[in-house]
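As structure tokens, the structure follows; a few thoughts come after it.
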Amino acid sequence: MRRVVTTLLVLPAVAACTSHADPPPAPRPATARATASCTSSELRVTLAGQEGAGGHLAHLVRVTPTGETPCRLPRSPDAVTVTTTAGGDVRAEAGSSFPMVRLDTLAPGGAPATLVVETDTSCRHPRRPIRSIEISLADGDVALHLRRGQRFDLGCGVRSSDFGVWQ
């Protein structure tokens, strides 16, 4: 009988130890994956029109995502190059007279970004026919091929803005 009593005394002690044990750690909430950078293959560019003020003409290039997930735009393209139909290339200088509101992320179905390709109207050089505007990103280029008859005055050069929202 002594043996039975000893066993009975040990079992409640073991049960008491397991009932006061720390609970397993709660699962951590999933962290949101960082939004990937937009790649040139995920973007479509179109000419959205022109605006002018103070001797400057803004050619509005609309940048729209074609992917299924949001992507992050760089602050500005690596380069913007305007190609004439005669084969001459004019590389845009960074900076624009037109203010832009910064847009970091493009979402499918959301607002597109705009890039201003700016020329001056005061140079009075002949307006040359433009074949394309090429936007260079880290992974490649996105080209906007223009229809016949698009002419820009490139005599004073070209400037380009950061990506943003046109106001």
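Brief remarks on what is shown
- Any hit, segment 111-132, residues being under 18 Å from the mean Cα position of the chain (by Cα), open to solvent by 20 Å² or more (accessible area, probe 1.4 Å) and over 19 Å from GLU93 (Cα atoms): yes
- Restricting segment 45-91 to residues that are open to solvent by 20 Å² or more (accessible area, probe 1.4 Å) and of a type in the set (A, V, I, L, M, F, W, C), the residue that is nearest to LEU144 (Cα to Cα): LEU47
- Close pairs from segment 134-157: first of a type in the set (S, T, N, Q), partner surrounded by 13 or more Cβ atoms within 10 Å (Cβ to Cβ) and part of a strand (DSSP E or B), Cβ under 8 Å, at least 6 apart: SER136/ALA79; SER136/VAL80; SER136/THR81; GLN150/LEU47; GLN150/PRO129; GLN150/ILE130
- Residue match in segment 140-151 (condition: under 12 Å from LEU60 (Cα atoms) and assigned to a loop (DSSP other than H, G, I, E, B)): no
- Within segment 109-119, the set of residues being of a type outside the set (Asp, Glu) and either modelled with pLDDT of 95 or more or in a strand (DSSP E or B) (or both) comprises ALA113, THR114, LEU115, VAL116, VAL117, THR119.
- Against the test of being more than 21 Å from CYS38 (Cβ to Cβ) and in contact (Cβ under 8 Å) with a residue 24 or more places away in the chain, the options GLU93, GLU68 yield a single qualifying residue, GLU93.
- Selection within segment 152-167: residues that are in a strand (DSSP E or B) and open to solvent by less than 30 Å² (accessible area, probe 1.4 Å). The member of this set that is nearest to GLU42 (Cα to Cα) is GLY164.
The values are calculated or read from the model by the stated rules, or taken from the named source; none is laboratory data. These numbers come from a predicted model, not from an experiment. Heads up, the Cβs are rebuilt from the backbone with ideal geometry, glycines too, and the neighbour counts pull from every protein chain shown. Accessible surface areas use protein heavy atoms only, side chains included; no ligands, DNA or RNA. Shrake-Rupley method; radii C 1.70, N 1.55, O 1.52, S 1.80 Å.
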